[in-house]
Amino acid sequence: MKKSNPTRNDALKLLHDYNETDSLRKHAYAVEGVMRYIARKRGEDEEKWGVIGLVHDLDYERHPDQHCTKTREILEKENWPEEYVRAVVSHGWGICSEVEPHTVLEKTLYAIDELTGLVSANALIRPSKSVMDMTVKSVKKKWKTPTFAAGVDRSIIQKGADMLGLDVSELIEDTIMGMREVADAIGLKGDVNE
């Protein structure tokens with residue numbers, strides 16, 4: 001029997017069961033925060049978007065060589081709805097998955113997964129160590145420096161923005177805003193006087 005709507009608690013339990021690394025958990029919280037922010041902005045189902053963001057890298061710590069494949073197995077074993085499973089697997093399109101993002105939710109997850117890494121890296125080099133005072137301009141400046149956060153594939157972010165019909169600047173702004181909402185949880189509140 002398929003779960004009707006997995007809850008955030010369901011997703012958190014799985015995340016913590018399969019990921020012990022602080023950095024992977026923080027990445028999941030960052031992606032969840034951005035997914036929730038964008039869902040709210042677009043009038044979409046914030047809970048669904050957030051839950052999918054939380055579990056998108058479920059298998060990465062234990063099975064990096066089978067990324068997305070093992071997540072499918074885990075979520076199917078837990079009786080998650082196919083819509084959720086497909087969305088999670090689609091974020092690895094062209095890298096470790098053949099599932100192309102089709103829905104707005106899937107395209108958003110695909111686009112912002114890498115982008116949260118770039119925003120996080122940018123926050124850590126700021127004097128404040130924070131996303132709270134970050135600007136789109138500062139991220140765009142680092143975007144143009146390929147040696148900065150070299151592991152972040154900017155072509156995926158660009159392709160995701162194109163699929164969504166968005167300018168990369170808008171996607172960066174949404175990502176910053178979403179990460180601000182979870183700044184404490186992801187360790188990027190920093191030293192900013194509010």
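The requirement of being among the small types (Gly, Ala, Ser), touching a residue at least 24 places away in the same chain (Cβ under 8 Å), within 17 Å of TRP49 (Cβ to Cβ) and in contact with a helix residue (DSSP H, G or I) (Cβ under 7 Å, 6 or more places away or on another chain) is fulfilled somewhere in the range 96-115, by at least one residue.
Exactly one residue among VAL51, VAL104 is touching a Pro at 6+ places or on another chain (Cβ under 6 Å) and either under 23 Å from ALA185 (Cβ atoms) or surrounded by fewer than 17 Cβ atoms within 10 Å (Cβ to Cβ) (or both), and that residue is VAL51. In the set (1) touching a residue at least 60 places away in the same chain (Cβ under 8 Å); (2) among the polar types (S, T, N, Q); (3) under 23 Å from SER155 (Cβ atoms), ASN79 fails one condition alone, (3).
Given the residues ALA121, ALA150, which is the only one that is of a type in the set (A, V, I, L, M) and surrounded by fewer than 16 Cβ atoms within 10 Å (Cβ to Cβ)?
On the way: ALA121 fails: surrounded by fewer than 16 Cβ atoms within 10 Å (Cβ to Cβ).
On inspection, the qualifying residue turns out to be ALA150.
Only one of the numbered conditions (1) in contact with a Leu (Cβ under 9 Å, 6 or more places away or on another chain); (2) part of a helix (DSSP H, G or I); (3) surrounded by fewer than 23 Cβ atoms within 10 Å (Cβ to Cβ); (4) not β-branched (Val, Ile, Thr) is not met by GLU61, and that is (2). Taking the criterion of being more than 16 Å from the chain's Cα centre (by Cα) and either buried (at least 20 other Cβ atoms within 10 Å of the Cβ) or part of a helix (DSSP H, G or I) (or both), the residues of the range 15-40 that qualify are HIS16, ASP17, TYR18.
Each value in this text was obtained by applying a stated rule to the coordinates, not by laboratory testing. Everything quoted here is computed from the prediction, not taken from an experiment. Cβ: placed from backbone, ideal geometry, glycine included. Neighbour counts: every protein chain shown.
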